[in-house]
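FYI, it's all coordinate maths here, none of it is from the lab. The structure presented is a predicted model; accordingly, all values stated were derived computationally and were not measured. Neighbour counts run over all protein chains shown; Cβ positions are idealised from the backbone, glycine included.
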Amino acid sequence: MPRPGWLVRPPEPVPYADANEAMHDLARRRLTGEIPDTLVLLEHPPVYTAGRRWKPEHIVWNEERIRAAGAELHFIDRGGSLTFHGPGQLVGYPIVDIGTKPDAIGYVRSLEEVVIRAAADVGVELHRNQVQTGVWSGERKVCAIGVRLMRARITLHGFALNCTTDLSWYDAIVPCGLADEGVASLSQLAGRDISVADMTLPVLRHFERVFGLELESCADETDSFALPTVQASATIA
């Protein structure tokens, strides 16, 4: 039987700082058992995030140019290096208890599986990379994955799936610190628009199946987001 969980789906793009604060609050509440496993799905206004493995040479534009372009730059506590979040990209932050003997690599592989299956539902074939994390089409990354474990068991951060993302934003950075690989979007690969809305339900369905959850919308309980009512079905089958 699937375990009950929460779905948080803000209807509007959420500034990164607000989402980051709310995500950490949800993780602390999950750690104490106050809330069940939760999936946050959202979009961000343009923002670059630098994880713990970032290096100065991974930032191509300086901060002044980044701000002038209408984006922000945040240094955060996940693994990995630089990535971009912005309009047309489905970002997922799972807040999941993976147990007292956590398999972090297995957890990342499960996130990859969710995205690979969801992309197949819209006719796009993606795959894993034997060396790098994320989900790929050839040598181009379509979905970045970067995570952190709170107290070695509660997951933070997550995945960023390019749907109709303007890929020129990636010119400002060396994505994930990988100078020899490129990026792609589902729309580019399919030759037609595949929007965030198109991918939301497939991602939800496969997240539930891979993680054994049944997600219920819970806007009232997650007041740390301070956003309008979540626009999602009450239970995702």
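Summarising the strand pairing of the range 3-225, around 65 percent of its internal DSSP beta bridges are antiparallel. Spin-label model, Arg52 to Met1: label points 7 Å out along the Cα-to-beta-carbon direction sit 3.8 nm apart.
Loop-located trypsin sites (Lys or Arg not before Pro) across the range 124-191 with a Cβ neighbour count of 13 or fewer within 10 Å are Arg151, with loop assigned by DSSP. Taken over the range 109-219, the alpha-carbon convex hull comes to 136 cubic angstrom per residue. Between the amide H of Glu72 and those of Val47, Tyr48, distances stay under 5 Å, these residues lying 5 or more places away or on another chain, with hydrogens modeled in the peptide plane.
May I ask you to list the residues of the range 3-34 whose amide nitrogen lies under 14 Å from a point 7 Å from Cα along the Cα→beta-carbon direction of Glu216? Inside the label zone: 3-8. For trypsin sites (Lys or Arg not before Pro), the sites in the range 41-77 that DSSP calls loop and that have at most 14 other Cβ atoms within 10 Å are Arg52, Arg53.
The phi torsions of the range 7-23, fed into the Karplus equation with coefficients 6.51, -1.76 and 1.60 and a -60° offset, translate into couplings of 10, 10, 9, x, x, 10, x, 10, x, 4, 4, 5, 5, 5, 5, 5, 4 Hz, rounded to whole numbers, with Gly and Pro shown as x. Neighbours of Leu39 by Cβ distance under 10 Å: Lys/Arg scored +1, Asp/Glu scored -1, total -1. Answer with a single label: of (i) 18.1, 54; (ii) 17.2, 57; (iii) 16.6, 52, which was calculated as Rg and Dmax of the Cα atoms in Å from the structure in view? Identified label for the calculated read-out: (iii).
Here is the list for the range 180-211: trypsin sites (Lys or Arg not before Pro) lying in DSSP coil, each with at most 13 other C-beta atoms within 10 angstrom of its C-beta, are Arg192. Each of Ser217, Ser168, Ser81 has some number of other Cβ atoms within 10 Å of its Cβ, and from fewest to most they run Ser168, Ser217, Ser81. A Förster radius of 41 Å combined with the Cβ-Cβ distance from Asp121 to Glu64 puts the calculated FRET efficiency at roughly 0.45.
Projected onto their three principal axes, the Cα atoms of the range 41-150 cover extents of 40, 37, 27 Å, largest first.
Karplus-derived 3J(HN,Hα) values for the range 201-211, using 6.51 cos²θ - 1.76 cosθ + 1.60 with θ = phi - 60°, are 5, x, 5, 4, 4, 6, 4, 4, 5, 5, 9 Hz; glycine and proline are entered as x. Extending 7 Å from the Cα toward the beta-carbon at both Gln130 and Asp18 defines two label points whose distance is 4.5 nm.
The per residue volume of the convex hull around the alpha-carbon atoms of the range 9-78 is 95 Å³.
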